[in-house]
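Here is the structure we will look at, set down as structure tokens.
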Amino acid sequence: MNLELAGRVAIVTGASRGIGRAVAEELAAEGVDVAICSRHRDAVDQAAADLRKSTGRRIVGIVADTTSTKSVTDLVEAAMAQLGRVDILVNNAATPGGVVHGPLAEADDEALLEDVNTKVVGYLRCAKAVAPHMRARGWGRIVNIGGLSGRRAGNISGLRNAAIVHLTKTLADQLGPHGITVNLVHPGLTRTERTDADTERRGASNAIRRIVDAHEIGQVVAFLASARAAAITGVAIDASGGSIPVMFQ
């Protein structure tokens with residue numbers, strides 16, 4: 001299927017490694033030029049160089065911190081200056097798994113606020129910064145990367161993923177009349193360059209009996225970012241290989 005993505009431009013946050021990097025590579029493979037961002041200069045420069053070599057697309061590395069409104073504004077301005085436009089935003093920057101894992105008695109409220117600031121308010125900052133450029137062109141795609149902890153209890157930091165569901169639907173309703181879709185992808189345990197043997201085993205307990213690879217998450221994102229997904233907006237997609245044994249309507 002031709003996703004009709006050739007010539008588009010994307011920003012992918014948290015893309016120096018892991019799911020973000022795989023998403024950037026899958027988009028580039030479809031003909032998208034990509035601005036990747038990270039808080040660390042060496043990491044983002046190396047990732048950009050590697051992706052340019054593997055895909056042949058224009059890949060620019062930009063240092064940005066999504067907890068800072070000014071940094072996000074500078075990120076979008078730099079992407080516009082270097083790549084000329086922004087058609088796609090993939091919100092991915094966050095601490096994998098969150099910071100607050102233990103029981104209530106040990107929960108650190110400041111750490112939880114940091115989690116929410118990065119993954120919920122950070123996603124909002126990025127969407128707010130790119131939306132005017134998308135509205136001006138009458139076309140845009142925003143894909144938020146969440147997590148299955150938003151659909152089950154057990155991890156206090158999981159509330160950030162539940163909040164992103166609300167944010168996604170609200171933005172979809174507000175931006176839809178301007179030709180912009182907003183969707184959410186929930187990965188489960190996912191193979192990245194940091195995955196160990198124990199995670200591989202636990203990841204294989206899903207319905208497909210194997211861990212999902214980060215590039216498979218990237219393929220879901222690429223479809224949602226494409227012209228072929230114009231009828232899909234405001235939805236949350238489980239891309240975990242069937243890790244939760246119930247259906248969500």
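Quick grid of which residues meet (1) in a loop (DSSP other than H, G, I, E, B); (2) closer than 15 Å to Gln82 by Cβ; (3) of a type in the set (Asp, Glu); (4) touching a Leu at 6+ places or on another chain (Cβ under 9 Å):
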site	(1), (2), (3), (4)
Ile19	no, no, no, no
Glu25	no, no, yes, yes
Asp42	no, no, yes, no
Asp50	no, no, yes, no
Ser54	no, no, no, no
Val60	no, yes, no, yes
message: Which residue is farthest from the chain's Cα centre (by Cα), if the candidates are limited to the range 198-216 and must be modelled with pLDDT of 95 or more, closer than 20 Å to Arg17 by Cβ and of a type in the set (Val, Ile, Thr)?
response: Ile211
query: Counting only residues that are free of Cβ contacts under 8 Å to residues at least 40 places away in the same chain and not basic (Lys, Arg), which one in the range 69-94 is nearest to Ser149 (Cα to Cα)?
result: Ser71
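Residues are listed down the side, and each one gets a yes or a no for (1) within 25 Å of Ala93 (Cβ to Cβ); (2) at pLDDT 95 or above; (3) of a type in the set (Lys, Arg):
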| residue | (1), (2), (3) |
| --- | --- |
| Val182 | yes, yes, no |
| Glu193 | yes, no, no |
| Gly218 | yes, yes, no |
| Ser226 | yes, yes, no |
| Ile232 | yes, yes, no |
| Ala239 | yes, yes, no |
| Ser243 | yes, no, no |
| Val246 | no, no, no |
- prompt: Say we look at the range 171-186 and pick out the residues that are in contact with a strand residue (DSSP E or B) (Cβ under 7 Å, 6 or more places away or on another chain) and not aliphatic (A, V, I, L, M); which of these is farthest from Leu5 (Cα to Cα)?
  reply: His186
task: With the checklist (1) closer than 12 Å to Ala225 by Cβ; (2) within 17 Å of the chain's Cα centre (by Cα); (3) surrounded by fewer than 21 Cβ atoms within 10 Å (Cβ to Cβ); (4) not β-branched (Val, Ile, Thr) in hand, flag the one item Glu4 doesn't pass.
output: (2)
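The values are calculated or read from the model by the stated rules, or taken from the named source; none is laboratory data. Since the structure is predicted, the reported quantities are computational estimates derived from the model, not experimental observations. Here Cβ is always computed from backbone atoms with ideal geometry, including for glycine, and neighbour counts include all displayed protein chains.
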